[in-house]
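Only one structure is covered here, and it is reproduced in the block below.
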Amino acid sequence: MTGPLWLSGKMQTPIEDYALVSDLHTGALISREGSVDWLCLPRFDSESVFAAMLGTPEHGRWLVSPSSADAEVVERSYIDSTFVLQTHWRTPDGDVLVTDFMPVADRRANVIRRVQGLSGTVTMRQELQIRFGYGEIIPWVSQNAEGGPPALLAIAGPDALLLRGPRLHASDHKHVGSFEVSEGDVVDLEMVWYPSHRGKPEPLDIDDALDATISYWRAWAANCADDGDYALAVRRSLLVLRALTHEDTGGIVAAPTTSLPEHFGGARNWDYRFCWLRDAALTLEAMMTHGLADEALGWRNWLLRAVAGDPEDLQIMYGLAGERRLPERELAHLPGYADSVPVRVGNGAVDQYQADVVGEVMVALEKLRRHGVKEDNFSWPLQRALLGFAEKHLHDPDHGIWEMRGDKQYFTHSRVMMWAAFDCAVRAVRDHGLSGPQDHWTEIRDQLHAEIMERGFNRELNSFTQVYGGTEVDASLLQLPQVGFLESDDPAMLGTVERLEQDLLDSEGLLLRYHTGNSDDGLAPGEHPFLACSFWLVEQYALSGRHADAKRLMDQLVGYLNELGLMSEEYDAVNKRMAGNFPQAFSHLALVRAADALQMSEGETSAHETMVRE
């Protein structure tokens, strides 16, 4: 681990030093130092109660750690295939084990922190600063009368937070306390959120909650088909995708965080606590490939609910339950991670037109059909409506996969994904017997193919380009073989890869999305390599016969996972730091695809779906 960073006189925990615990409704990020620095309750997209990750402890945190300045973390890991976190601390006075988890079987928002004495007698400290409203609202805090079981209650407007555990005392707008644990001792701390107008929830049986949570995650992971050289990384990635899926609605958030910077000290800070159709569709594919059909079907049902209505109202992203209004605003009171401002909540990209989205959805649903899931009276008519929307906007420029905030353009990737939408429509009629104008859709598909080869491929460069008529390349071009537009070893694709290697590989061999200084994305240039792009390059290498290059790059990328198997959006390989929102679904699903491609290239994929079209 890289250790704490000092920025503007304050200590900042590296992104890679955080752990995630999830209850399938929201998730907490816990630092290596034992501090819950980010938690939104009761949903991923709710306002935070702890926001120190985007500021200082004064913006809310919950610290539980040994009080000794000489305490060190001996080991930190999840129990087997779960999101039950265990941290083994060693101090001059003894060892303790802290177990952090969010119960998944309980229908309320709980965070449990169990402290167990392993040896000696260790003094533990606790610091609690509850700040509702993204670190801005100080609650009214009270504690029960002396003599009763210790409990602290914090209330502000509609929110209430109840902490049961060792007694705390007020100190300078926070609550602090200490307690001792000796060998064999167990001290439980239970925090629960609830609507303030309701009665206090009864205490949980912590033993039962822990057992049920471990059992849930183990049972879910047992359904994952994962083998090969990267089985552990694949399994943890699939678990991350599940942890970011809302249990009730089926919506999949891109990440549990907002505004972790893509460029430290810069303005590329976005809220990812929403459901992008693109990301969710690709997640669905990864899950289907590994035997998780129930999750894939749950996402399809979420999709149908979210996009239902007039196709002209189609959005690129929605809230967890399909909410449409996600206005972007800035939180000026938060100084940002690593002094990166503005801190944003909501996402203005919700109003963009991104022409690739219908294609992403159609490709995912086509694969669901190939897995034997039947269309119903709702799902296929809705897809036909989406195709009508795509046809109506067939000649419109868009903002592209990377949500450029400059002028709309004809992005080659977007045009290919429109081709993929109509290709899937043709397949639905031809291969699955669904109703539709096959000849008409075939004509549109073929016209798009001819147009893309004419306007999106630069013959002088021997490469596809980011936009029609341009000379810049874009990592999204690596998705062309993934949707069957051409084969991975097609000369046009090999020429594109050569150009990508020349123009977009950084000094450490990682692939940038595009040159931010040469593209009109509406922001100041500068960002770190987007990890999904390098995983796409692994896939391209593997499926075009460059197995050694694929293996080398895959090993490098998997080496960036933190000790818990988690990965952020981007990576600064020079300074060995993660960047961007964390953990990032897009990075993890791309890891799964890359591992599958490598396995395929080695001829070991009899149990897995072919990832390119026959």
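The values are calculated or read from the model by the stated rules, or taken from the named source; none is laboratory data. It should be emphasised that the depicted structure is a prediction, and the values quoted were computed from it without experimental measurement. Positions of Cβ are generated from backbone atoms using ideal geometry, with glycine treated the same way; all protein chains shown enter the neighbour counts.
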Next item on the list: Collect the residues in segment 299-331 that are of a type outside the set (A, V, I, L, M), at pLDDT 80 or above and buried (at least 18 other Cβ atoms within 10 Å of the Cβ), keeping them in residue-number order.
Entry: 300, 302, 315, 318, 319, 322
Next item on the list: Would you mention how many residues in segment 344-364 are more than 18 Å from the chain's Cα centre (by Cα), of a type in the set (A, V, I, L, M, F, W, C) and modelled with pLDDT of 90 or more?
Entry: 3
Margin query: Which condition from (1) without any contact (Cβ under 8 Å) to a residue 60 or more places away in the chain; (2) closer than 20 Å to residue 168 by Cα is the one that residue 72 breaks?
Written below: (2)
Check: Considering segment 36-81 alone, what residues qualify as being crowded, with 22+ Cβ neighbours inside 10 Å, in contact with a Lys or Arg (Cβ under 7 Å, 6 or more places away or on another chain) and not hydrophobic (A, V, I, L, M, F, W, C)?
Finding: 37, 45, 59, 60, 65
Margin query: Here is a list: 164, 114. Which entry is crowded, with 18+ Cβ neighbours inside 10 Å, basic (Lys, Arg), in contact with a helix residue (DSSP H, G or I) (Cβ under 8 Å, 6 or more places away or on another chain) and assigned by TED's automatic domain parsing to the domain that holds residue 64?
Written below: 114
Check: Of 520, 555, which residue is of a type in the set (D, E, K, R) and either at pLDDT below 95 or assigned by TED's automatic domain parsing to the domain that holds residue 17 (or both)?
Finding: 520
Next item on the list: Hey, can you tell me all the residues within segment 139-165 that are in a loop (DSSP other than H, G, I, E, B) and either of a type in the set (S, T, N, Q) or modelled with pLDDT under 95 (or both)?
Entry: 144, 145, 146, 147, 148, 149, 150
Note to self: With the structure loaded, tell me whether residue 171 is among the polar types (S, T, N, Q), in the same structural domain as residue 107 (by TED's automatic domain parsing) and more than 18 Å from residue 62 (Cβ to Cβ) or whether it fails that test.
What the structure shows: no
Next item on the list: Evaluate the following for residue 233: is it part of a loop (DSSP other than H, G, I, E, B), modelled with pLDDT of 95 or more, more than 14 Å from residue 295 (Cβ to Cβ) and in contact with a helix residue (DSSP H, G or I) (Cβ under 7 Å, 6 or more places away or on another chain)?
Entry: no
Check: Within segment 117-135, is even one residue among the small types (Gly, Ala, Ser) and either in contact with a Cys (Cβ under 9 Å, 6 or more places away or on another chain) or closer than 16 Å to residue 63 by Cα (or both)?
Finding: yes
Next item on the list: Would you mind finding the one in 116, 12 that is in contact with a Leu (Cβ under 6 Å, 6 or more places away or on another chain) and modelled with pLDDT under 95?
Entry: 12
Notebook entry, point to check: Can you tell me which of 192, 240 is β-branched (Val, Ile, Thr), buried (at least 18 other Cβ atoms within 10 Å of the Cβ) and touching a helix residue (DSSP H, G or I) at 6+ places or on another chain (Cβ under 6 Å)?
Noted result: 240
Margin query: Can you list residue pairs whose Cβ atoms sit under 7 Å apart, with the first residue in segment 471-492 being in the same structural domain as residue 422 (by TED's automatic domain parsing) and the second being among the acidic types (Asp, Glu)? Count only pairs 6 or more apart in sequence or on different chains.
Written below: 473/503; 481/487; 484/423
Margin query: So residue 281 passes all but one of these: (1) on the phi < 0 side of the Ramachandran plot; (2) touching a Leu at 6+ places or on another chain (Cβ under 9 Å); (3) assigned to a loop (DSSP other than H, G, I, E, B). Which condition number does it fail?
Written below: (3)
